[in-house]
Amino acid sequence: MGASKTHNFTKEQNLIANFARVIGHPARVAILEYLVKSNQCICGDLVDKLPLAQATISQHLKELRNIGIIKGQVEGTSIYYCINQAVWNEANEVFKNLFTSYHQVGKI
């Protein structure tokens, strides 16, 4: 498979694509929804709520952390996860800019 040539696209286009790739899995959407409602959780909380194994949930948490949309804080033997407000706002802004930029001119 060829190179992705991301350098040929704007910073914002790459940012949107990265956010979309990471949140493009229903388990990650469910994790984000849970964090929005609960403000914070540990992996075990998600294991109790989602039909996935702990290792699978940990991998999804890792992907969300890698893009920065969530953050984790170690407390004892647990990591408490929460929404990273700055990155959440950034994702909200870039998606809002994309979706509000469309204005239908005529009917197709």
- Do you know which of the residues in segment 92-108 that are within 16 Å of residue 24 (Cβ to Cβ) and under 15 Å from the mean Cα position of the chain (by Cα) is surrounded by the fewest Cβ atoms within 10 Å (Cβ to Cβ)? 95
- Quick one: is residue 89 modelled with pLDDT of 95 or more, under 16 Å from the mean Cα position of the chain (by Cα), surrounded by fewer than 15 Cβ atoms within 10 Å (Cβ to Cβ) and within 22 Å of residue 14 (Cα to Cα)? yes
- Query: For residue 52, all conditions in the list (1) surrounded by fewer than 16 Cβ atoms within 10 Å (Cβ to Cβ); (2) assigned to a loop (DSSP other than H, G, I, E, B); (3) not small (Gly, Ala, Ser) hold save one; what is the number of the exception?
  - Reply: (1)
- Scanning for something free of Cβ contacts under 8 Å to residues at least 40 places away in the same chain, of a type in the set (S, T, N, Q) and touching a strand residue (DSSP E or B) at 6+ places or on another chain (Cβ under 6 Å), does segment 6-23 turn up at least one residue? no
- Evaluation of residue 56 against (1) more than 17 Å from residue 88 (Cα to Cα); (2) without any contact (Cβ under 8 Å) to a residue 12 or more places away in the chain; (3) not charged (D, E, K, R) (one fails), failing number: (2)
- Going by the structure shown, is residue 44 surrounded by 10 or more Cβ atoms within 10 Å (Cβ to Cβ) and part of a strand (DSSP E or B)? no
- Message: When you check residue 81 against the structure, is it surrounded by 16 or more Cβ atoms within 10 Å (Cβ to Cβ) and either over 12 Å from the mean Cα position of the chain (by Cα) or farther than 22 Å from residue 12 by Cβ (or both), yes or no?
- Response: yes
- Task: Tally the residues that are farther than 16 Å from residue 84 by Cα and under 16 Å from the mean Cα position of the chain (by Cα), restricting the search to segment 44-71.
- Result: 5
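The values are calculated or read from the model by the stated rules, or taken from the named source; none is laboratory data. Bear in mind that the values here come from a model prediction, so they are computed numbers and not experimental data. Cβ sites come from the backbone with ideal geometry, for glycine too, and all protein chains shown count toward neighbours.
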